[in-house]
1. Residue check: is A165 in the same structural domain as R132 (by TED's automatic domain parsing), surrounded by fewer than 19 Cβ atoms within 10 Å (Cβ to Cβ) and of a type in the set (A, V, I, L, M, F, W, C)?
2. Name the residue, out of R170, R214, R220, that is out of contact with any strand residue (DSSP E or B) (no Cβ under 8 Å at 6 or more places or on another chain), among the basic types (K, R) and part of a loop (DSSP other than H, G, I, E, B).
3. If we keep just the residues of the stretch 190-199 that are under 13 Å from V250 (Cβ atoms) and touching a Phe, Trp or Tyr at 6+ places or on another chain (Cβ under 9 Å), which is surrounded by the most Cβ atoms within 10 Å (Cβ to Cβ)?
4. Can you tell which of R208, R185, R214 is surrounded by fewer than 22 Cβ atoms within 10 Å (Cβ to Cβ) and of a type in the set (K, R)?
5. If you check P158 against the conditions, is it at pLDDT 95 or above, surrounded by 15 or more Cβ atoms within 10 Å (Cβ to Cβ) and not assigned by TED's automatic domain parsing to the domain that holds K184?
6. Within the stretch 114-133, is even one residue within 21 Å of the chain's Cα centre (by Cα), buried (at least 16 other Cβ atoms within 10 Å of the Cβ) and not in a loop (DSSP other than H, G, I, E, B)?
7. Based on this model, can you work out whether T231 counts as surrounded by 17 or more Cβ atoms within 10 Å (Cβ to Cβ) and of a type in the set (S, T, Y)?
8. Out of all the residues in the stretch 228-245, which are closer than 15 Å to A148 by Cβ, touching a residue at least 24 places away in the same chain (Cβ under 8 Å) and of a type in the set (D, E, K, R)?
Amino acid sequence: MTTQSAVDTWWWATSRGVRSLQPGYTLRALGGVVQLVRTPACHAGGRGFESRRSRFSFDTHAVRTNAISPAHLRNEIGIQDPLQVVLGYLAAWRFEAGDASASFTESDLRLANRGGARISAAEIAAVLERRRAIERALRAMAPEASLAGAAASVPWVPLRALFDAFADIRGVGVAKATKALHPKRPALIPMLDSVVRGYLTDDDPGPRAPFAERALALVRGYKRDLDRNRTTLRAVRRELRRQGHELTEVRILDLLIWSAQPPA
């Protein structure tokens, strides 16, 4: 992870589908370490936070999470306390949930834009021309369909059809498409933005591959990481639920990947 002097917090927030940074927090990337920093009211600096690689740490929200095993990402990156990482994000950011129905309307695309997708009016119109195909594919996938289950339980055929519905729309790549689709099937579809694609580079056939083929290859690669960390991710999810947070394994892994990668 390369060193950056600062992270634009609003750019980071909107790229992850979150609406606002909670008052009193900011994000910095210093010395290759992503750090959640509480900003004092006097703006004199952020003291009182221990920063560790791929981990958020904050004084008044410290949680003992030794019972959860570390997460193991690619490139020999280990996250010793994945729950603390996710709790750090949740302490700082407010996430906006979507509608997991089979309908797909302009409001779903507007939600993606509030999450940083930057889908233009012309692109919205072009996507909505494919609405029937999108909704047909969504109806073929249960709202609770999960990428964290057995491979045989993943609805690969309708998922391919769903990605096919976004193919060849000028200006709409896998990042915009999956940011719009993730809220519809949050346990199944990861947000394949540039950071996640960079992390999955060994699985990426590249932009010249057919749209659905590329998206599916990336999702299959993402699933391999889910499977490798299944026990850890499920334990994190259970503890988050106990604390009143409802995140899927797909979103939890997304946050862990982002905690270990620089913004692109």
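1. No, not satisfied.
2. Details: R214 fails: part of a loop (DSSP other than H, G, I, E, B); R220 fails: part of a loop (DSSP other than H, G, I, E, B).
That would be R170, the only listed residue that is out of contact with any strand residue (DSSP E or B) (no Cβ under 8 Å at 6 or more places or on another chain), among the basic types (K, R) and part of a loop (DSSP other than H, G, I, E, B).
3. Narrowing the stretch 190-199 to residues under 13 Å from V250 (Cβ atoms): 190-192, 196.
If we keep only those that are touching a Phe, Trp or Tyr at 6+ places or on another chain (Cβ under 9 Å) as well, we get 190, 192, 196.
Numbers: P190: 25, L192: 27, V196: 23.
Here the answer is L192.
4. That would be R208, the only listed residue that is surrounded by fewer than 22 Cβ atoms within 10 Å (Cβ to Cβ) and of a type in the set (K, R).
5. Values: at pLDDT 95 or above: yes; surrounded by 15 or more Cβ atoms within 10 Å (Cβ to Cβ): yes; not assigned by TED's automatic domain parsing to the domain that holds K184: no.
Taking the combined requirement at face value, the residue does not satisfy it.
6. no
7. Working: surrounded by 17 or more Cβ atoms within 10 Å (Cβ to Cβ): no; of a type in the set (S, T, Y): yes.
So T231 fails the test.
8. R228, R230, R234
The values are calculated or read from the model by the stated rules, or taken from the named source; none is laboratory data. In this text the structure is predicted, and so the values were computed from the model without any measurement. Glycine also receives a Cβ, built like all others from the backbone with ideal geometry; neighbour counts cover every protein chain displayed.
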